[in-house]
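Student: Mind looking over this structure? Questions follow.
The values are calculated or read from the model by the stated rules, or taken from the named source; none is laboratory data. Since we're looking at a predicted model, the values are computed, not measured. With ideal geometry, Cβ positions are generated from the backbone for all residues, glycine too; neighbour counts draw on all protein chains shown. Areas reflect the complete protein model, heavy atoms only, side chains present, ligands, DNA and RNA absent. Shrake-Rupley method; radii C 1.70, N 1.55, O 1.52, S 1.80 Å.
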Amino acid sequence: MSMDLECIYCNTKFSVKIHANFSVICPCCKRGIYRECEYGFGPVTPCQIYLGEKVVGVVESDNTNYYLRMYGNKVPLNNTYLDAILESETIVCRQLNILRHHDHKDIQILTKKGSLCFYGDWPGRPYDNYHKIIHASFDGEILEIFFKRGERLLVYNPENITSTEQELKIEKSQKLKWIYDSYIITTYTAECETLFKETKYGIEHLTIKEPFLAVYMG
């Protein structure tokens, strides 16, 4: 049985064969986009590592030892369980020379909670939405902010980020993706004074309103 996937970062579409445990790296933007694991219900190995539609490595274990089998080589892993799978993804990318130009790194966002607004467009009524940030990271191109209830915000090529305990402001961005859950994604793209808001229902053309910021949270 196969599963159809679409990369949330670059929208590349492809299919993979379903296994009990498997991890998928997008063949286009080289980001990890999917992970299926029986952790808590069964063993996490063997775990297939996909690059697009092709299996490029398998995580295996022998008692307490974990290793990555790739092109006939057996690479010992420092970690176990889910961390071993994450470690293997990095090794696969390094071995195939597909590491991104910038290392994935954590950044400090001082703002912890508040209402979100994108180019003056509020999800719902102004200040009615409320979200709590739990983690943020930046790979040199996309700032990714994770929220307590599972929402994610992708900010492409952000410029002029200001974060205090009271407010988060991002002045400019090439594009925004607000991911409310796996099935509800809103994409914002600004050109001059027009805001293009894309949802599963189509594209709306909106006038950019105050505050004139790609992202405001406060």
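Student: Name the pairs whose Cβ atoms lie under 6 Å apart, with the first residue in segment 147-176 and without any contact (Cβ under 8 Å) to a residue 12 or more places away in the chain, the second outside any loop (DSSP other than H, G, I, E, B) and open to solvent by 60 Å² or more (accessible area, probe 1.4 Å), and 6 or more positions between them or separate chains?
Tutor: These pairs meet every condition: Thr162/Lys169.
Student: So which residues in segment 186-213 are under 22 Å from Gly150 (Cβ atoms) and in contact with a Phe, Trp or Tyr (Cβ under 7 Å, 6 or more places away or on another chain), if there are any at all?
Tutor: The answer is Thr186, Tyr188, Lys197.
Student: Here's another thing I want to ask about it. Only one of (1) surrounded by 18 or more Cβ atoms within 10 Å (Cβ to Cβ); (2) part of a strand (DSSP E or B); (3) more than 19 Å from the chain's Cα centre (by Cα); (4) of a type in the set (S, T, N, Q) fails for Ser23. Which number is that?
Tutor: (3)
Student: Residues being in contact with a Phe, Trp or Tyr (Cβ under 9 Å, 6 or more places away or on another chain) and modelled with pLDDT of 80 or more: count how many of those fall in segment 88-122.
Tutor: Looking only at that region, the number is 11.
Student: Now for a different question. Any idea which residue in segment 164-176 is farthest from Phe196 (Cα to Cα), counting only those that are open to solvent by less than 30 Å² (accessible area, probe 1.4 Å) and either assigned to a strand (DSSP E or B) or out of contact with any Pro (no Cβ under 6 Å at 6 or more places or on another chain) (or both)?
Tutor: Checking each candidate, the answer is Leu168.
Student: Filter segment 71-82 for residues that are in a helix (DSSP H, G or I) and open to solvent by 100 Å² or more (accessible area, probe 1.4 Å) and give the result.
Tutor: Tyr81 - this is the single residue of segment 71-82 that is in a helix (DSSP H, G or I) and open to solvent by 100 Å² or more (accessible area, probe 1.4 Å).
Student: Does Tyr34 satisfy being touching a Phe, Trp or Tyr at 6+ places or on another chain (Cβ under 9 Å), modelled with pLDDT of 95 or more and either closer than 23 Å to Asp139 by Cβ or of a type in the set (Asp, Glu) (or both)?
Tutor: Criteria not met by Tyr34.
Student: What are the residues in segment 46-70 that are within 28 Å of Thr12 (Cβ to Cβ), touching a strand residue (DSSP E or B) at 6+ places or on another chain (Cβ under 8 Å) and open to solvent by 80 Å² or more (accessible area, probe 1.4 Å), if any?
Tutor: Glu53, Arg69
Student: Same structure again: Give me the pairs: first residue in segment 119-135 and closer than 16 Å to Asp181 by Cβ, second residue open to solvent by less than 60 Å² (accessible area, probe 1.4 Å) and acidic (Asp, Glu), beta-carbon distance under 7 Å, and six or more apart or on different chains, which are they?
Tutor: His131/Glu151
Student: Report, by residue number, each residue of segment 117-163 that is over 19 Å from Lys209 (Cα atoms), surrounded by 19 or more Cβ atoms within 10 Å (Cβ to Cβ) and hydroxyl-bearing (Ser, Thr, Tyr).
Tutor: Within segment 117-163, none qualify.
Student: Still on this structure: Give the residue that is least open to solvent (accessible area, probe 1.4 Å), with candidates limited to residues of segment 177-194 that are in a strand (DSSP E or B), without any contact (Cβ under 8 Å) to a residue 24 or more places away in the chain and touching a strand residue (DSSP E or B) at 6+ places or on another chain (Cβ under 7 Å).
Tutor: Going through the qualifying residues, I end up with Thr187.
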